[in-house]
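The values are calculated or read from the model by the stated rules, or taken from the named source; none is laboratory data. These numbers were taken from a predicted model, which means no experiment stands behind them. Cβ placement follows ideal geometry from the backbone for every residue including glycine, while neighbour counts extend to all protein chains displayed. Surface areas here come from the heavy atoms of the whole protein model, side chains and all, with no ligands, DNA or RNA. Shrake-Rupley method; radii C 1.70, N 1.55, O 1.52, S 1.80 Å.
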Amino acid sequence: QCDNWVRTSNGGHFSSPNYPNMYPPNQECIYILEAAPRQRIELTFDEPYYIEPSFECRFDHLEVRDGPFGFSPLINRYCGLKSPALIRSTGRFMWIKFTSDEELEGKGFQAKYSFIPDPDFTYLGGILNPIPDCQFELSGADGIVRSSQVEQEGKTKPGQAIDCIWTIKATPNAKIYLRFLDYQMEHSNECKRNFVAVYDGSSSIENLKAKFCSTVANDVTLQTGTGVVRMWADEGSRLSRFRMLFTSFVDPPCSGNTYFCHSNMCINNSLVCNGIQNCAYPWDENHCREKKKSGLFEQITKTHGTIIGITSGIVLVLLIISILVQVKQPRKKVMACKPAFNKTGFQEVFDPPHYELFSLRDKEISADLADLSEELENYQKMRRPSTASRCIHDHHCGSQASNIKQSRTNLSSMELPFRNDFAQPQPMK
């Protein structure tokens, strides 16, 4: 901006330095005109008008472009004694630059600009209501700038054009690094319909750092602590979207609470291993796999913690109520009659079986009795033939035989005395 600049609701006017006197040498003045959405700009020049004439206006000249940038389509270059005719833009921006060299100055110019309805929207009734104010502010060590915030906060209505600005404030004495996480323009390479612009320091057009309207968006490093991001999308480009990460950084050498990114950046230590790449290269997230996995309590979300807390509280209350009821309830005395104790059955179960014990002496007596029995049997065998022969001649043979038989029977069945020196053991108690 050079010299006077007047703005009104319907337009304004501006002029070359010292107008209507001679403009000074070695001047370069840039004027940016911006109309409301669905409007265009008309530019007219007052008299007197004089800019040093030259072939193709190579020396002193006035350059007008159809758009907001110095690379916007060129309308024409003007110089000489005759003022230019009416100039109209095809959009809502116009870029104008006045240049003078070292010699042959003139009176210069004074231009007036006004806004007219865009004929592309005449079927909608001419100039519509301007787009509502759509601005956001972010600050801190890092954060996310996202276009979805426009619809979430109801800044624009469905089917309405988007013209929103995000202002970013870095931490003290820091600069800003911007990296696109998501970017898509519905109408690629049509900057009049949709674009994302980044400014360094303020939203003035001379502070424009980058403008993206194609299929690719690159990272941007700002040299100040204030960044401005602007998104424009007309009614037919509502599907255009972007998501951008901003990170505050300082230049090396890094202090104790900062981390060196190996790319001339020092970021806050809190941004290291946070799951997001804040450095230009992923140095801050490279060695995070070795970190210990989060424990069970760290994995429990806030909702899970609330549910567990409520359940535990209910169980504790029920337990306390149960204890109080048991304490206050009177105890009932119950007399239980015990059955009579069966001593006999108990003794039969636990008493060991009775065993007859004998000694070596008893074994000797048994052996003697067996020898005596064998001798008696042999004696009877010897007596049997002699007795039979005698019974033939003896009239008392039958009685004798019976007596002998009886005596032999008595002898075989005779009970010999048996001595047992061991008494029967007492039963176990």
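Here are a few things to note about the model shown:
- Sulfur and carbon atoms: percent of accessible area, the range 207-286 [1.4 Å]: 52 percent
- By accessible area, using a 1.4 Å probe on protein heavy atoms only, the range 5-121 has 51% of its surface on carbon and sulfur.
- Global geometry of the range 5-121, whether rounded, prolate or oblate, following the gyration tensor of its Cα atoms and the 1.5 cut on a/c: prolate
- Note on Ile30 and Asn257: the model spin-label points, each 7 Å out from Cα along the C-beta direction, lie 3.7 nm apart.
- Cross-link pairs exceeding 32 Å between alpha carbons, from the set Lys107/Lys169; Lys107/Lys175; Lys97/Lys175: Lys107/Lys169; Lys107/Lys175.
- Relative contact order of the range 134-266, defined on C-alpha pairs under 8 angstrom at six or more residues apart (%): 35 percent
- A protection proxy built from the mean count of other Cβ atoms within 10 Å ranks the segments 244-251, 276-283, 154-161, most packed first, as 244-251, 276-283, 154-161.
- Electrostatic bookkeeping for Ser147 treats Lys and Arg as +1 and Asp and Glu as -1; over the other residues with beta carbon under 13 Å from its beta carbon, the sum is +1.
- The residues of the range 5-121 expose on average 48 square angstrom of accessible surface per residue, using a 1.4 Å probe on protein heavy atoms.
- Centre-to-centre, using Cα atoms only, the range 139-206 and the range 1-68 are separated by 30 Å.
- Packing rank of 141-151, 253-263, where each peptide gets the mean count of other beta carbons within 10 Å, highest leading: 141-151, 253-263
- Entry comment: accessible area of the range 134-266 is 46 Å² per residue, from protein heavy atoms only and a probe of 1.4 Å.
- Accessible area of Arg88 in the full protein assembly, 1.4 Å probe (Å², nearest 10): 140 Å²
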